[in-house]
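See structure below.
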Amino acid sequence: MANVILVKGNIIGMAGCHVARNFVCLVPDSYQNSAMSIIEGDLTLNEHSHILPYCIYAATGGVSTLGDNILQITPQPSNVFSLFKQEINKIQDLLQVPIPQHLKNDLNRLLYINVVGALEFFITELLGSFVMGDKDYFDAFIEKSQVRIPLSKLIESASDIPQTIHKAIHEFNAHDLRKMNNLYKAVLNISFPDYGELSSKIKTRHDLVHRNGYEVKERTIKFIEITPSMIMELINICNAFTEQLMNNLQNLTEKWNRDTEIGVTN
């Protein structure tokens, strides 16, 4: 149980938002024989407290909070995938909503953009799940991602580093699939499935967002009319990409799940 911190008392969330691999209550004292560290007495968390996101905090007493979303569990990779599929299902439902003819292209454009947005969030959140939930990947991200950690963080409080890393992950431009592929390879040693066709679709999304639906082609400006069939084609490409990526990550995901088999996970 190298990733377990034993709290010989209660875990009490007073204020602030605190993320860990898991929070478990009523564990036996025998956990102290293999826990990576032991906290004597209650662990009270406030807005100035910092905990390690890749660790399971196991209390011999109870786990309680005084507010909503104060104690959060690092999302499992499979849950990140489920969230992506839920978002895609919502978009498909919206395609069936009857609206006036003159508004259809506007809705289709928004739905196309939302599909790519759901994909980009999936890519960064999935990476975050592994990095924030596993010390080896956390350390690999610090070493290989080229994210600069301010010297002040290292001097003042190393416990601030997880917040810096979490923010950095979600600041990457996930629409640059080449760079994200290189990041996955460097940190997780896993490559993306082929994303050539997907990149061209993301280019269309860029024109929809940043050129108000126009593309520049052969020195001319052409309006892009988005149809339901184009959205479904994009959805099918995204589904194939995400499913294959999850298959590529299967061994890592199974390890992630095994390491969390203490108590109840989200």
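The values are calculated or read from the model by the stated rules, or taken from the named source; none is laboratory data. On a predicted model such as this, the values are computed, not experimentally measured, just so you know. Note: ideal-geometry Cβ built from the backbone for every residue, glycine included; neighbour counts use all protein chains shown.
Test Val27 against the criterion of being within 23 Å of the chain's Cα centre (by Cα), at pLDDT below 95 and at negative phi, and give yes or no. Let's see the steps before the verdict.
Working: within 23 Å of the chain's Cα centre (by Cα): no; at pLDDT below 95: yes; at negative phi: yes.
No: the conditions fail for Val27.
Taking only pairs six or more apart or across chains, which ones have beta-carbon atoms under 7 Å, a first residue in the range 186-201 that is under 23 Å from Phe138 (Cα atoms), and a second residue that is outside any helix (DSSP H, G or I) and hydrophobic (A, V, I, L, M, F, W, C)?
Ile190/Leu249
Any idea how many residues of the range 30-52 are loosely packed, with under 14 Cβ neighbours inside 10 Å, more than 28 Å from the chain's Cα centre (by Cα) and either acidic (Asp, Glu) or more than 24 Å from Val131 (Cα to Cα) (or both)?
Residues that pass the stated criteria total 4.
Looking at Lys104, Lys135 in this structure, which one is surrounded by fewer than 19 Cβ atoms within 10 Å (Cβ to Cβ) and without any contact (Cβ under 8 Å) to a residue 24 or more places away in the chain? Give the steps one after another, and end with the answer.
Details: Lys135 fails: without any contact (Cβ under 8 Å) to a residue 24 or more places away in the chain.
Only one candidate qualifies: Lys104.
Any idea how many residues of the range 203-219 are β-branched (Val, Ile, Thr) and either in contact with a Phe, Trp or Tyr (Cβ under 9 Å, 6 or more places away or on another chain) or within 27 Å of Met132 (Cα to Cα) (or both)? Full working, then the answer.
Looking only at the range 203-219, we keep the residues that are β-branched (Val, Ile, Thr), and these are 204, 209, 216.
Of the ones still in play, those that are also either in contact with a Phe, Trp or Tyr (Cβ under 9 Å, 6 or more places away or on another chain) or within 27 Å of Met132 (Cα to Cα) (or both) are 204.
Qualifying residue count, the range 203-219: 1.
Tell me, which residue of the range 53-84 that is assigned to a helix (DSSP H, G or I) and touching a residue at least 60 places away in the same chain (Cβ under 8 Å) is farthest from Met132 (Cα to Cα)? Spell out how you get there, then give the answer.
Initial filter on the range 53-84 (assigned to a helix (DSSP H, G or I)): 77-84.
Next cut, touching a residue at least 60 places away in the same chain (Cβ under 8 Å) only: 77-79, 81, 84.
Working: Pro77: 11, Ser78: 15, Asn79: 15, Phe81: 16, Phe84: 19 Å.
The qualifying residue farthest from Met132 (Cα to Cα) is Phe84.
Taking the range 19-52, which residues are part of a strand (DSSP E or B) and closer than 20 Å to Trp256 by Cα? Spell out how you get there, then give the answer.
Applying the first criterion (part of a strand (DSSP E or B)) to the range 19-52 yields 19-20, 22-24, 37-40, 43-45.
Within the range 19-52, Val19, Ala20, Asn22, Phe23, Val24 meet the criteria.
If Asp93 satisfies every condition in (1) over 12 Å from the mean Cα position of the chain (by Cα); (2) at pLDDT 95 or above; (3) surrounded by 13 or more Cβ atoms within 10 Å (Cβ to Cβ) but one, which is the exception?
(3)
Within the range 193-210, take every residue that is in a helix (DSSP H, G or I) and among the hydroxyl-bearing types (Ser, Thr, Tyr) and give me the one that is surrounded by the fewest Cβ atoms within 10 Å (Cβ to Cβ).
Only one residue fits best here, namely Ser200.
Which one of these is in contact with a His (Cβ under 7 Å, 6 or more places away or on another chain) and of a type in the set (A, V, I, L, M): Ile190, Ile202, Ile224, Ile235? Even if it seems obvious, please write down each step before you answer.
On the way: Ile190 fails: in contact with a His (Cβ under 7 Å, 6 or more places away or on another chain); Ile224 fails: in contact with a His (Cβ under 7 Å, 6 or more places away or on another chain); Ile235 fails: in contact with a His (Cβ under 7 Å, 6 or more places away or on another chain).
None of the other options fit; the residue is Ile202.
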